[in-house]
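Below: the structure, in structure tokens.
The values are calculated or read from the model by the stated rules, or taken from the named source; none is laboratory data. The structure presented is a predicted model; accordingly, all values stated were derived computationally and were not measured. Note: ideal-geometry Cβ built from the backbone for every residue, glycine included; neighbour counts use all protein chains shown.
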Amino acid sequence: MAGTIAVKFYGLLRRRLRTAVVEIAGDELTILALLRLAEKETGQSFLDELLDRDQGLLTGTIILVNGENIRLRQDLQTRVKAGDSVALFSPAGGG
Amino acid sequence: MTGWMGKIVKIDLGNRKQETVAVSDATRRQYLGGRGLGVKLYSDLCSSGTDPFADDNALIFMTGPLTGTVMTSGRYQVVSRSPLTGTICDSSSGGHFGAALKGAGIDGLIIEGRAATPVYLSVHDGEVEVRDASAFWGLDTQQTQKGIQAETSSKTSVACIGPAGENRIIFAAIMNDKDRAAGRGGMGAIMGGKNLKAIAAGGSRPVAISDPEGYKALTARLERIIDKNPVTGKSLQVLGTSVLVNIINAHGMFPTENFRRGVFNDAEGTSGEKIAETLLERQSACYKCPIGCGRTTRTRDKQGEGPEYETVWAFGAHLGISDLTAITEANYACNELGLDTITMGSTLGCAMELSETGAWKENLRWGEAGKLLDWVTDTAYRRGIGAELALGSKRLAAKYGRPELAMQVKGMEIPAYDPRGAQGMALSYATSNRGGCHMRAYMIAPEILGHPVFLDRFSTVGKAELVALFQDVSAVVDSAVLCRFLQFAVGISTFTEMLRTVTGLDFSDEELMKIGRRIYTLERQFNNRAGFGRGDDTLPPRFFNEEFQTGSSRHRQVLLEEMLDDYYAVRGWDRNGVPLPQTLADLGL
């Protein structure tokens with residue numbers, strides 16, 4: 001959707017929120033700001049469970065911006081723009 | 001020593017002679033059990049030129065010092081020379097069989113020779129009894145397990161082969177406790193070659209613990225750690241291993257149509273999330289396992305276990321199939337027939353590409369879900385094109401003049417992570433001593449999942465050291481013997497503590513890492529003698545000269561050569577991948 005950023009939820013997060021995707025109107029936002037808006041959009045808080053005590057991203061949590069892990073950019077300060085796609089995965093494993 | 005039962009039985013199925021094999025305390029300390037001690041015993045008994053189907057080839061079932069003790073300790077390892085790869089091979093399975101074998105009073109079983117007619121072994125009270133299995137020959141793995149339980153005890157745990165093993169399909173699995181599989185490397189084919197239909201084990205002999213108080217405190221603490229960990233305490237329980245489908249697909253490295261693309265458009269419909277919403281009846285757990293990653297599922301017409309992540313991929317994206325019911329029922333069929341789902345699916349993908357290119361005149365088409373069940377069944381019985389599929393991908397592709405279309409390393413098919421998306425995983429595949437396997441060093445953990453630390457998946461820096469380290473830790477866990485999923489929650493120090501508490505030996509983290517290195521190097525020595533060297537530590541050419549055009553792993557190639565030299569240096573091997581004399585001396589080899 002033009003002028004929006006897609007936030008997609010996977011894994012346990014999707015099950016808990018009962019939401020697969022929300023579209024957030026905005027441009028040039030940090031991931032942190034985007035996720036706060038996504039909390040409002042879904043009407044549920046989830047950000048706290050993605051963060052550790054130091055407000056860093058919890059080990060195992062994966063956030064991708066257009067397929068690229070934000071840990072390789074500026075973590076939660078990574079900026080996203082309209083048209084981007086952000087994917088959130090709660091910690092998971094397998095083999 | 002506590003922990004071990006102190007008895008390994010060797011039996012010749014040809015003349016039915018049995019003997020107890022003496023293993024010194026020093027050897028047990030050097031190799032632990034399971035994979036490590038199994039490989040040591042195999043190397044002492046058989047040469048690297050042994051034909052896997054020869055009478056004098058040994059097939060070794062091993063437990064470890066932790067089997068039957070702490071959580072997830074029901075596993076066992078099967079060791080022999082693989083008919084699929086020609087390398088040394090250990091194949092691991094969960095369930096209860098490992099604990100049952102040890103409860104029956106033995107640490108392991110070495111099987112040689114070939115029975116004149118079908119037999120099964122019944123292990124109880126430290127004794128091994130050879131029994132007639134004529135009535136079970138030809139039955140599937142579910143019927144066999146039920147039949148042998150009816151003849152022995154409903155509490156007996158049975159590890160058996162199905163028609164695929166009987167027909168010596170070189171990727172036949174050994175199935176136990178209904179649907180748990182020692183899947184990889186064709187250990188089931190070796191059982192079939194020996195006319196050995198099954199092993200039934202039962203007993204309740206306790207494993208002696210050196211420090212019972214410490215053990216109690218340790219297991220209580222472990223329970224809390226496993227429960228609190230988001231992977232072992234939540235994700236694996238609720239969504240199983242197939243939670244990886246969406247994750248790996250989002251990273252553009254979910255192998256699609258024989259690794260020609262890294263994004264499967266229908267991944268969502270075959271994901272762990274979708275399975276939980278549709279087919280899942282309940283989670284299932286192995287012996288003393290608080291995780292319970294197993295999936296008991298039901299389609300409209302059938303019920304069974306699975307699919308796990310690898311199987312969802314092998315019969316799904318790899319073949320361009322998005323019909324979750326077809327994937328699941330192909331999984332059930334493999335369980336019943338006793339086939340490794342990874343090699344089966346990967347071989348079908350290879351066949352489809354051979355067919356598409358015209359190299360093979362058969363008409364196997366991408367996405368053809370309706371024929372999946374027939375292809376699997378025909379493979380187990382070597383019927384029609386099944387006789388060709390039974391070759392596995394390497395031999396099939398070579399037969400039709402396109403060896404590069406087999407997605408394998410050393411003859412074993414690569415699983416569900418495209419190595420162009422994770423350089424460490426690429427090195428892990430290339431240097432795996434049983435071929436294209438993700439379990440020797442699961443680099444997906446740091447490179448994708450961020451466990452225990454997050455690493456740049458496209459960088460080669462430091463990957464050699466980490467692959468070697470992961471390989472060594474994995475060898476320790478496979479020899480202890482515990483479930484590898486514990487590694488999402490605990491590190492080497494916890495394994496050291498477990499071994500100290502159970503055995504009373506003053507193991508250190510450093511000693512365990514050296515044990516892992518010793519096992520890995522011994523396996524390498526075996527493979528070297530069998531003719532494997534640097535030229536075999538590689539990947540199919542596709543990964544070096546074809547790039548994805550879409551997805552987040554696009555425009556990437558595997559940069560193997562620059563990691564391989566580092567890896568050999570870290571390992572103390574020469575440039576050809578042969579361990580240096582000093583390395584062998586340091587490890588006592």
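General observations
- Tabulated pairs, the range A:71-87, first on the phi > 0 side of the Ramachandran plot, second part of a loop (DSSP other than H, G, I, E, B), C-beta under 9 angstrom, 6+ apart or interchain: A:D75/A:G56; A:G83/A:M1; A:G83/A:A2; A:G83/A:G3; A:G83/A:D27
- The one condition from (1) in contact with a strand residue (DSSP E or B) (Cβ under 9 Å, 6 or more places away or on another chain); (2) over 26 Å from B:L41 (Cβ atoms) that B:D565 does not meet is (1).
- Restricted to the range A:61-73, and to residues there that are in contact with a Ser or Thr (Cβ under 8 Å, 6 or more places away or on another chain) and not aliphatic (A, V, I, L, M), the residue that is nearest to the other protein chains (Cβ to nearest Cβ) is A:G67.
- Matching entry among B:T219, B:T232 (being surrounded by fewer than 18 Cβ atoms within 10 Å (Cβ to Cβ) and either on the phi < 0 side of the Ramachandran plot or at pLDDT below 95 (or both)): B:T219
- Taken together, B:A133, B:A181 contain a single residue that is buried (at least 20 other Cβ atoms within 10 Å of the Cβ), of a type in the set (G, A, S) and within 21 Å of the chain's Cα centre (by Cα), which is B:A181.
Each row is one residue, and each column tells you yes or no for (1) out of contact with any Pro (no Cβ under 9 Å at 6 or more places or on another chain); (2) within 24 Å of B:G338 (Cβ to Cβ); (3) within 14 Å of chain A (Cβ to nearest Cβ).
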residue: B:Y381; (1), (2), (3): no, yes, no
residue: B:L391; (1), (2), (3): yes, yes, no
residue: B:K394; (1), (2), (3): no, yes, no
residue: B:R440; (1), (2), (3): yes, yes, yes
residue: B:A445; (1), (2), (3): no, no, yes
residue: B:H451; (1), (2), (3): no, no, yes
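- Selection count where residues are more than 17 Å from B:G74 (Cα to Cα) and surrounded by fewer than 24 Cβ atoms within 10 Å (Cβ to Cβ), scope the range B:475-501: 9
- Residues in the range B:428-437 that are under 9 Å from B:L539 (Cα atoms) and among the hydrophobic types (A, V, I, L, M, F, W, C): B:A430 only.
- Checked against (1) within 21 Å of the chain's Cα centre (by Cα); (2) away from every other protein chain (no Cβ under 14 Å), B:T241 passes all but a single condition, namely (2).
- Index of the failed condition, B:F470 passing every other in (1) away from chain A (no Cβ under 13 Å); (2) part of a helix (DSSP H, G or I); (3) among the hydrophobic types (A, V, I, L, M, F, W, C): (1)
- Listed by first and then second residue, the pairs with beta-carbon distance under 9 Å, at least 6 apart or on different chains, first residue in the range B:246-265 and facing chain A (nearest Cβ under 10 Å) and on the phi > 0 side of the Ramachandran plot, second acidic (D, E) and buried (at least 24 other Cβ atoms within 10 Å of the Cβ), are B:G252/B:D418.
- Hey, B:G165 at pLDDT 95 or above, within 14 Å of chain A (Cβ to nearest Cβ) and surrounded by 24 or more Cβ atoms within 10 Å (Cβ to Cβ) or not: no
- For the range A:1-14, residues that are outside any strand (DSSP E or B) and either polar (S, T, N, Q) or in contact (Cβ under 8 Å) with a residue 12 or more places away in the chain (or both) total 6.
- Applying the criterion of being hydrophobic (A, V, I, L, M, F, W, C) and within 14 Å of chain B (Cβ to nearest Cβ) to the residues of the range A:1-32, the residue that is surrounded by the fewest Cβ atoms within 10 Å (Cβ to Cβ) is A:A20.
For (1) assigned by TED's automatic domain parsing to the domain that holds B:A380; (2) within 30 Å of B:F495 (Cβ to Cβ); (3) not polar (S, T, N, Q), each residue gets a yes or a no:
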position: B:T85; (1), (2), (3): no, yes, no
position: B:S92; (1), (2), (3): no, yes, no
position: B:G95; (1), (2), (3): no, yes, yes
position: B:E112; (1), (2), (3): no, no, yes
position: B:S122; (1), (2), (3): no, no, no
position: B:E127; (1), (2), (3): no, no, yes
position: B:D132; (1), (2), (3): no, no, yes
position: B:T152; (1), (2), (3): no, no, no
position: B:V158; (1), (2), (3): no, yes, yes
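- Boolean, B:T460 is more than 18 Å from the chain's Cα centre (by Cα), buried (at least 24 other Cβ atoms within 10 Å of the Cβ) and touching a residue at least 24 places away in the same chain (Cβ under 8 Å): no
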